[in-house]
Amino acid sequence: MHRHRIVVAAGALALGSLAVPRAARALTLEQALSAPWSSQLVAARAAPRIAWVTEARGLGNVFVADAPGFEPRQLTRYAADDGLSVHDLAISADGKTVVFSHRAGGPNDSGEIANPTADVSERPRHEVVAIDVATGRARALSDDLVTSSVAISPDGKWAAWTQKDLVIVSLSEPAAPNKAADKSVDKSPDKSGDKPAMPKPRRIPAVHGSTGRARWSPDSKALAYEVRRGDHGFIAVYRLGDDQVRYLAPAMDNDILPRWSADGRSVAFIRGVNQPRGAPAIPLELAPFSLWVADVASGRAHRVFDAGAALTDGYPDMTAEKSFVYAGDHLVFSWEHDGRNHIYSVPAGATDGKPRLLTPGELDTDDVTLSPDGKTLIYSSNQGDLDRRHLWRVRVDGGGPPEAVTRGDSIEWAPVVTADGRLVCISSSATTPGVPTEIAGAKRRPLVALAGDFPAAELVTPAAVIIKADDGTEAHAQVFRARGGAANKPALVFLHGGPVRQMMLGFHDLRYYHYTYAMNQFLAAHGYVVLSLNYRGGIMYGRAFREAQTLGWRGNAEMAEIRAAGKYLAALPGVDPKRLGVFGASNGGYLTVMALARDPQLWATGVDVMGVHDWSTFFERDAAWAAASDHAAAQKLAVDSSPVGQLATLKGPLLVIASDDDRNVPVSQAVDFILKLRAARVPFEQLMIPDEEHFLDRWHTWLTIERATVEYLDRKLGSATR
């Protein structure tokens, strides 16, 4: 099998600085967390070229490769673990230009830009960059902070994105050399000569509100995009050179996700219906949606499909953006009418049409891409393999059953089809991280070879288990256990965040869980037995599992399977039942503390990373929460279902870790919780990470947190290596 090696920077993908003689090697935390993570795979529409991003040790860089050989070429040379990373990668139809944003997190409620390195010399630089693939010459297009993906016009002349306004920039506009712009692209491969000045962007104001998710028309002369007005939203169309925008069938609802027809005459969109002011907060409510197609010339629209009024007919927000496609004369979309996240199609010319189910069976779908001819969908699902995702193929018009494209012990996601019909995806396994891989029938060809000293042999293949809770709920889990070591090992339950996530039997597609999977591998090599639990609230096991009425702040029903997971480990041969711990981040951190409080006799300790500790204050910024007709009852239930409501039974000890600049879970949640722990005399330790965000922008932050976690667990549970 022909493979290529990419070297990003010293000690990055090649992992050369970590080389250890095979006979003496023991997996280190640095080795485990150095596993490269690939993402944002894109394909040019009219040229056999792909592009993607690979991150290793905090260094994320852009690569391209051309069929048929797919020899990777590195386009960028970012070489600092500074928290800035590549986002919004796009490639022009002819494959000659790639555009991306290079940034950390966006502004917080106070307008402050994330600065995870605490650099006081200058503000963190956010920029949109275009690179000429042939020459490698980079050019800064803007210092905007992109809020939705960059879109390149089909003719390759323009790039557009949204901030508060719609921003349009020429990719071909000549500009005089300007040394002042050099610093914005000084990490690009082109180090010689002056860099051109930034082109002047055209800003299309939102009038009021903000804009989002722009799409170019097929003729490159117009953009359709979202205009968000708080309690309602429109689809707008702006034609290059015009002085005003047009709204398509504006209504008192929320219109999102514009999609152009192939002839450019129509735009399809999803219409969501708002919840009435004062709607109750405690029961789960329907989020109605329908599909519409508007005539661009007249602005008039007709309703193609109305989802329905059952809870299972609600808007499938986890996959709607991926799956909503204008494919020829059909609309393709996600719907959970039968309780599973399936893909359907309906004729675009229908009026309240009946959709055709394209993906029958006990399964959930995820990534979706359309073949160049517009007739076939390639999608990922867990059909027949609930703890992995594989690729499938089906005709848009439903002319035939789905066909399996990949199967086995690997995991596949992010499929793209090149202009010459080649299928490429990102694929991982239990012991190898995801890399771009060409799929040709039963053959697969990784386009990136991991360095020869990548410690795959020191990683374990987790075992799939099913945990059954006292109420009969079955939850899937993966058990990491290395051979040898102590006769009775300490054991841990790992709880993911979200909770709309799924942990799988291999390296994950999401960056955060790529790293937590590597951490679980290290803990197993370090002597722990680790059970990674897919508790209720997670995805890929059906809507009833994900959206149970009494989950989270509504009553903690998921505690039943967390308790069952602890009991499973306690009874597992070779596990010391007196040395059980639980750990997790975000929603997993919240559930860690709840587990310690609800079952103090089961758990010896826990590590709570960036967890929610008081749901009632977490929701304070939500206007619908404040206006709910059952606000008082919801407030009480939220407190009772939070760690702050469990202090009487919370014995500890626990380690509480927080990010000081967290934009998802306010750091005040941890600060207030620490005060309450002190008052209740619950033993705890704490670790604060200044200037970091929720998703941990810097690789060195991962090392800091995971080292602290291992050191703490070793002290509280007894060294796992004994």
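The values are calculated or read from the model by the stated rules, or taken from the named source; none is laboratory data. Just so you know, these numbers come straight off a predicted model, no measurement behind them. All Cβ positions, even for glycine, are placed from backbone atoms using ideal geometry, and neighbour counts span all protein chains on display.
Where in segment 515-632 are there strands (runs of 3 or more DSSP E), lying fully within it, with 1 or more residues that are in contact with a Phe, Trp or Tyr (Cβ under 7 Å, 6 or more places away or on another chain) and closer than 25 Å to LYS676 by Cα?
Here the list reads 575-585, 605-609.
Rundown of residues vs (1) farther than 25 Å from VAL42 by Cα; (2) buried (at least 18 other Cβ atoms within 10 Å of the Cβ); (3) modelled with pLDDT under 90, yes/no style:
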position: SER121; (1), (2), (3): yes, no, yes
position: ALA130; (1), (2), (3): no, yes, no
position: ALA134; (1), (2), (3): no, no, no
position: VAL146; (1), (2), (3): no, yes, yes
position: LYS157; (1), (2), (3): no, no, no
position: THR162; (1), (2), (3): no, yes, no
position: ASP165; (1), (2), (3): yes, no, no
position: LEU171; (1), (2), (3): no, yes, no
position: PRO177; (1), (2), (3): yes, no, yes
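In this structure, does GLY589 turn out to be out of contact with any Cys (no Cβ under 9 Å at 6 or more places or on another chain), among the small types (Gly, Ala, Ser) and surrounded by fewer than 20 Cβ atoms within 10 Å (Cβ to Cβ)?
So GLY589 does not fit the description; no.
So is ALA670 modelled with pLDDT under 95 and either in the same structural domain as ALA482 (by TED's automatic domain parsing) or touching a helix residue (DSSP H, G or I) at 6+ places or on another chain (Cβ under 7 Å) (or both) or not?
Answer is no for this residue.
When you scan segment 429-444, how many residues do you find that are at pLDDT below 95, of a type outside the set (A, V, I, L, M, F, W, C) and on the phi < 0 side of the Ramachandran plot?
Total satisfying the criteria: 2.
Scan segment 229-256 for residues that are modelled with pLDDT of 95 or more and of a type in the set (D, E, K, R) and jot them down.
Listed by number, the residues that qualify are ARG239, ARG246, ASP253, ASP255.
Is one or more of the residues making up segment 341-353 under 30 Å from MET503 (Cβ atoms) and surrounded by fewer than 18 Cβ atoms within 10 Å (Cβ to Cβ)?
No: zero hits.
Among the residues that make up segment 326-339, is at least one of them over 30 Å from PRO48 (Cβ atoms), out of contact with any Phe, Trp or Tyr (no Cβ under 7 Å at 6 or more places or on another chain), buried (at least 18 other Cβ atoms within 10 Å of the Cβ) and not aliphatic (A, V, I, L, M)?
Yes, the conditions are met somewhere in segment 326-339.
Taking the stated definitions as given, is GLY308 touching a helix residue (DSSP H, G or I) at 6+ places or on another chain (Cβ under 9 Å) and closer than 26 Å to ARG554 by Cβ?
Taking the combined requirement at face value, the residue does not satisfy it.
Look at segment 2-53 and say how many of its residues are over 20 Å from THR701 (Cα atoms) and modelled with pLDDT of 85 or more.
15
Kindly list the number of the only condition in (1) out of contact with any helix residue (DSSP H, G or I) (no Cβ under 7 Å at 6 or more places or on another chain); (2) in contact (Cβ under 8 Å) with a residue 12 or more places away in the chain; (3) not hydroxyl-bearing (Ser, Thr, Tyr) that fails for ASP367.
Only one criterion in (1) out of contact with any helix residue (DSSP H, G or I) (no Cβ under 7 Å at 6 or more places or on another chain); (2) in contact (Cβ under 8 Å) with a residue 12 or more places away in the chain; (3) not hydroxyl-bearing (Ser, Thr, Tyr) is unmet by ASP367, namely (1).
Take ALA65 and tell me if it is crowded, with 20+ Cβ neighbours inside 10 Å and more than 23 Å from the chain's Cα centre (by Cα).
For ALA65, the condition - crowded, with 20+ Cβ neighbours inside 10 Å and more than 23 Å from the chain's Cα centre (by Cα) - is met.
Considering only residues of segment 183-212 that are modelled with pLDDT of 50 or more and in contact with a Phe, Trp or Tyr (Cβ under 6 Å, 6 or more places away or on another chain), which is farthest from ALA236 (Cα to Cα)?
Filtering first and then ranking leaves ILE204.
Working only within segment 296-330, note down all residues that are under 21 Å from the mean Cα position of the chain (by Cα) and among the β-branched types (Val, Ile, Thr).
THR319, VAL325
In segment 402-417, what count of residues is obtained for those that are surrounded by 12 or more Cβ atoms within 10 Å (Cβ to Cβ) and more than 20 Å from HIS514 (Cβ to Cβ)?
Number of matching residues: 6.
In segment 683-722, which residue that is hydroxyl-bearing (Ser, Thr, Tyr), touching a residue at least 24 places away in the same chain (Cβ under 8 Å) and in a helix (DSSP H, G or I) is farthest from HIS526 (Cα to Cα)?
Looking at the filtered set, the residue picked out is THR701.
Does any residue of segment 481-489 turn out to be basic (Lys, Arg), in contact with a Phe, Trp or Tyr (Cβ under 7 Å, 6 or more places away or on another chain) and either surrounded by 18 or more Cβ atoms within 10 Å (Cβ to Cβ) or over 26 Å from SER427 (Cα atoms) (or both)?
yes
Can you tell me which residue in segment 98-119 is surrounded by the fewest Cβ atoms within 10 Å (Cβ to Cβ), limited to those that are among the hydroxyl-bearing types (Ser, Thr, Tyr) and over 21 Å from the mean Cα position of the chain (by Cα)? Please lay out each step first, then the result.
Filtering segment 98-119 down to residues among the hydroxyl-bearing types (Ser, Thr, Tyr) leaves 101, 110, 117.
Within this subset, residues satisfying the condition of being over 21 Å from the mean Cα position of the chain (by Cα) are 110, 117.
Working: SER110: 5, THR117: 18.
The extreme case among them is SER110.
If a residue has to be out of contact with any helix residue (DSSP H, G or I) (no Cβ under 6 Å at 6 or more places or on another chain) and not polar (S, T, N, Q) to count, how many in segment 605-627 make the cut?
Total meeting the criteria: 9.
Which condition from (1) basic (Lys, Arg); (2) within 18 Å of ASP81 (Cβ to Cβ); (3) modelled with pLDDT of 95 or more is the one that ARG57 breaks?
With respect to (1) basic (Lys, Arg); (2) within 18 Å of ASP81 (Cβ to Cβ); (3) modelled with pLDDT of 95 or more, ARG57 is out only on (3).
Which members of segment 202-231 meet the condition of being buried (at least 21 other Cβ atoms within 10 Å of the Cβ) and assigned to a loop (DSSP other than H, G, I, E, B)?
ALA206, SER217
Could you list all residues from segment 322-361 that are among the acidic types (Asp, Glu) and free of Cβ contacts under 8 Å to residues at least 40 places away in the same chain? I'd like the intermediate steps shown before the answer.
The initial filter retains those residues of segment 322-361 that are among the acidic types (Asp, Glu), namely 329, 336, 338, 352.
Residues satisfying the conditions are ASP329, ASP338.
Residues are listed down the side, and each one gets a yes or a no for (1) farther than 30 Å from GLY537 by Cβ; (2) at pLDDT 95 or above; (3) among the hydrophobic types (A, V, I, L, M, F, W, C); (4) touching a Cys at 6+ places or on another chain (Cβ under 9 Å):
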{"site": "ASP397", "(1), (2), (3), (4)": "yes, no, no, no"}
{"site": "GLY400", "(1), (2), (3), (4)": "yes, no, no, no"}
{"site": "GLU403", "(1), (2), (3), (4)": "yes, yes, no, no"}
{"site": "ILE411", "(1), (2), (3), (4)": "no, yes, yes, no"}
{"site": "ALA414", "(1), (2), (3), (4)": "no, yes, yes, yes"}
{"site": "SER427", "(1), (2), (3), (4)": "no, yes, no, no"}
{"site": "GLY452", "(1), (2), (3), (4)": "yes, no, no, no"}
{"site": "GLU458", "(1), (2), (3), (4)": "yes, no, no, no"}
{"site": "ALA482", "(1), (2), (3), (4)": "no, no, yes, no"}
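Within segment 641-659, track down each residue that is under 30 Å from the mean Cα position of the chain (by Cα) and either surrounded by fewer than 16 Cβ atoms within 10 Å (Cβ to Cβ) or small (Gly, Ala, Ser) (or both). Outline the logic, then answer.
Our first condition is that a residue be under 30 Å from the mean Cα position of the chain (by Cα); within segment 641-659, this holds for 641-644, 654-659.
Matches in segment 641-659: SER641, SER642, ALA658, SER659.
Which condition number does ALA350 fail, the rest of (1) under 24 Å from the mean Cα position of the chain (by Cα); (2) outside any strand (DSSP E or B); (3) hydrophobic (A, V, I, L, M, F, W, C) being met?
It fails just one condition, (1).
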